[in-house]
1. Taking the condition of being within 10 Å of another protein chain (Cβ to nearest Cβ), in a loop (DSSP other than H, G, I, E, B) and in contact with a Ser or Thr (Cβ under 8 Å, 6 or more places away or on another chain), how many residues in segment B:416-447 meet it?
2. Just a yes or no: is a residue in segment B:385-393 more than 16 Å from the ligand (Cβ to nearest atom), at pLDDT below 95 and assigned by TED's automatic domain parsing to the domain that holds residue B:441?
3. Considering B:78, B:66, B:2, B:39, which residue is surrounded by 22 or more Cβ atoms within 10 Å (Cβ to Cβ) and at pLDDT below 95?
4. Tally the residues that are open to solvent by less than 30 Å² (accessible area, probe 1.4 Å) and either more than 9 Å from chain A (Cβ to nearest Cβ) or in a loop (DSSP other than H, G, I, E, B) (or both), restricting the search to segment B:394-407.
5. Can you find, within segment B:100-113, the residue that is nearest to the chain's Cα centre (by Cα) among those that are surrounded by fewer than 24 Cβ atoms within 10 Å (Cβ to Cβ) and among the small types (Gly, Ala, Ser)?
6. Among the residues of segment A:27-53, what is the count of those that are under 18 Å from the mean Cα position of the chain (by Cα) and farther than 14 Å from residue A:281 by Cβ?
7. Just one of (1) of a type outside the set (Lys, Arg); (2) touching a Gly at 6+ places or on another chain (Cβ under 9 Å); (3) away from the ligand (no atom under 15 Å from the Cβ); (4) under 29 Å from residue B:253 (Cβ atoms) trips up residue B:42, so point out which.
8. Quick one: residue B:145 ticks every box in (1) touching a helix residue (DSSP H, G or I) at 6+ places or on another chain (Cβ under 6 Å); (2) farther than 25 Å from residue B:341 by Cα; (3) more than 16 Å from the ligand (Cβ to nearest atom) except a single one, so which number is it?
Amino acid sequence: MAEAVEQKEYWRWPETIWVDESKNWHDAEVISCGIDLGSVSTQTVIMTDGELYAYSNLRTGSSSLDSTERALNAVLEKIGDMKREDIHYIVGTGYGRVSIPFANKTITEIACHGRGAVYIYGNTVRTILDMGGQDLKAIKVDSRGKVVNFLMNDKCAAGTGRGIEVMADLLSIPITEVGPLSLKVDEDPEPVSTTCVVFAKSEVLGLMRKGWPKEKILAAFFRAMASRVVELLERVGVEPDFAITGGISKNVGMVKRIEKMLGVKALEPKIDPQTAGAIGAALFGRALYIKSQKK
Amino acid sequence: MAKEFKIEPLKVWDDFKKYREKYYRDYLEAKDNGGIRWAGSAWAFDAVPAGLGEDVYPLTGEPYGATVAFFKDFSLQALEAAERKGVARDLCGYLRNYWGSIILDKYVLADGTIVEGFPKPDFNYTIHICCTHAKWYHRAGELEGGIPTYAVDISVGPGYLLDDKKIDYVVRQLNDSIEWMEKVTGREYDDELLIKAVYAEADSMTTWAKICKLNQNVPAPLEEKSMFTLYALLVLHRADPRVAELYHKLYEETQDRVKRGIGAISNEQFRFLTDNPPPWAFLNIYRYMEREYGAVSLGSIYTFGLEGAWLGMDEKGERWIWEPAPTPEEAGVEITNREEALRWTAEYNLRYRPGWQHPYSHKIRKLETLQMIRDWKADALIMHINRGCELWALSELEVRDYLVKHGIPVATYESNMADPRDFDEARTWNVIDSFMESLGRKKLSKQ
Ligand code: SF4
């Protein structure tokens, strides 16, 4: 009888739930919530009077409704005594925002990312690169985080989370390690010749057969992906300060190469940059709630 | 408070719809009375087969592909049928719907009725400019069990660099194609019918250009979603004198709308252009823009330039001129025989069709688009990054960058004119809403 071989899921990135234990939410006048329902991950942020109080960052499942319920419940559970009714205003954003039935309002993720990035990085930020699960966005904002220009790259996995998940699985390296490992080369090799993840995958298989070490393969892959990202950024024009949001902002292998190609350093985040969209949504939520009270 | 404009339905609307319905039916029923069917690109020299008789019915492939695409369920069946035969998904979207329809052996009418049995043409007659055209009909002929096919190569460069040698090259092929048609149909060719068709073709194409030019007015008398229905007759059978007549009626009515200040939408407050064939199964984008932002789509280099005849690049190749091209009468030309007719139709098409100019150089398309934005007083351009057409996709992003450099706001969304599977509704609304937000436009429904 054949034995089942354990299949490790190298692509699986760690989910997080966080609460600021130093605060007491009961003291807050306005509790707002932002939910960023993306194609790969869902972030829920709770803000108390416009300050980050709690968030969850979970994987999006096959049902949008279940994913948002799960993400919101997870953060409420971690807080302990907060109920959904305690939240004054919920704003939904992200690819699946229309599927959040309990949101008071939905706002585009580009607007939310702009606003959230300014919260995370400060009001000197002018260019934001959002590297998400399935798309890339280059966003230009003013000092209030208002979007003045943007470009999106959809329908292409190059430079996105999905593309990197594919590579982590192929090389059997946990996704959190692919970035640092790719920097363990003295010099970057030539990039893989294509930015298409499907074709890059077959090229990488060829490199594995040739006996290339994994760090060198990853360096070649990330270099190609980074060049694709830089092309998008150059189309909108990079104006400092420059910041990166989204899940891939945690991949040092991508970030370092993008910085090198651009000749610009990205700002250091003070808060998990994957939550930028949800933070922006929660901030919009607060403003909308206050506005509704004045009427 | 935004200004309210008076709106009125178009009186000629039903005539255009009826012509299109009859066109597909006529082709289907052509054989009942011994008529001739031919199929080919909407860019084929439509006037040339007209010399075979008054009972000659064309089926142009791109509009047929678009019609299939419009009916999403049938389109899906057709696309999958083509894919099962090994057709790659990145080929021309119209072609895949067309081949799929042949493979399924089903034919769709303008109202969506699906008829069993794809009506085979007597011959395929097409042109060749993009890498698809000739192969499209070569393969279609094979799928149909061996239908003879003729493709006229028209890739001689842009109109402003045209010379006699290039025109001769195309005219020689047209002459040869007439002999070939006589052979494959057994019919004698009538030059008088050809001459009549050549006059009608120019009349239709120039009149359409005049109609499009009227959209420079504020409020715009027409909006692009309706123009897709109105321009359709040009891609179906522009060399039919009845088509030319309908365009004259439309021109008169549009002039009258301008005179009386009748708008296409009542709340015009934002004017934009598009640039490519749209995703046919999702034209609700246009209605969304109107409803939510009072935004009117004035047209595009596609809607105006696919079948409209325009002066185009000036002689030095430095400036694009959006002025209607002259008809034979306006140019003071009298066409009296086959040679003159073929020469006229070759030169007129090669010189004045925008769609046959900009594929040769991104510079042409940049100048053409920027000039359109200026002449039509557009606030922005919404660009469909179209995976369905290799030719119209050329230079898209170069044009985007060029416009942005000139201070024109541009939004881009990805889709496919003829493959509904490539349209992502959530992403498209996201782009549109974000774009309008970045321009400081608020949704009217939220005000
Ligand atoms: S690819 Fe474009 S230009 Fe070529 S046949 Fe298809 S629709 Fe026409």
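The values are calculated or read from the model by the stated rules, or taken from the named source; none is laboratory data. Please read all numbers here as calculations on a predicted model, not as lab measurements. Neighbour counts run over all protein chains shown; Cβ positions are idealised from the backbone, glycine included. The protein model used for the area step is the full one, side chains on, heavy atoms only, and it has no ligands, DNA or RNA in it. Shrake-Rupley method; radii C 1.70, N 1.55, O 1.52, S 1.80 Å.
1. Residues flagged as within 10 Å of another protein chain (Cβ to nearest Cβ), in a loop (DSSP other than H, G, I, E, B) and in contact with a Ser or Thr (Cβ under 8 Å, 6 or more places away or on another chain) within segment B:416-447 amount to 1.
2. Taking segment B:385-393 first, the residues more than 16 Å from the ligand (Cβ to nearest atom) are none.
No: zero hits.
3. On the way: B:78 fails: at pLDDT below 95; B:2 fails: surrounded by 22 or more Cβ atoms within 10 Å (Cβ to Cβ); B:39 fails: at pLDDT below 95.
Just one listed residue meets the conditions, B:66.
4. Within segment B:394-407, the subset open to solvent by less than 30 Å² (accessible area, probe 1.4 Å) is B:395-396, B:399-400, B:403.
So of that shortlist, the ones also either more than 9 Å from chain A (Cβ to nearest Cβ) or in a loop (DSSP other than H, G, I, E, B) (or both) come out as B:395-396, B:399, B:403.
Adding up the residues that qualify gives 4.
5. B:110
6. To start, the set of residues in segment A:27-53 that are under 18 Å from the mean Cα position of the chain (by Cα) comprises A:33-46, A:52.
Narrowing further to those that are farther than 14 Å from residue A:281 by Cβ: A:39-41.
Counting residues in segment A:27-53 that are under 18 Å from the mean Cα position of the chain (by Cα) and farther than 14 Å from residue A:281 by Cβ gives 3.
7. Unmet condition: (3).
8. (1)
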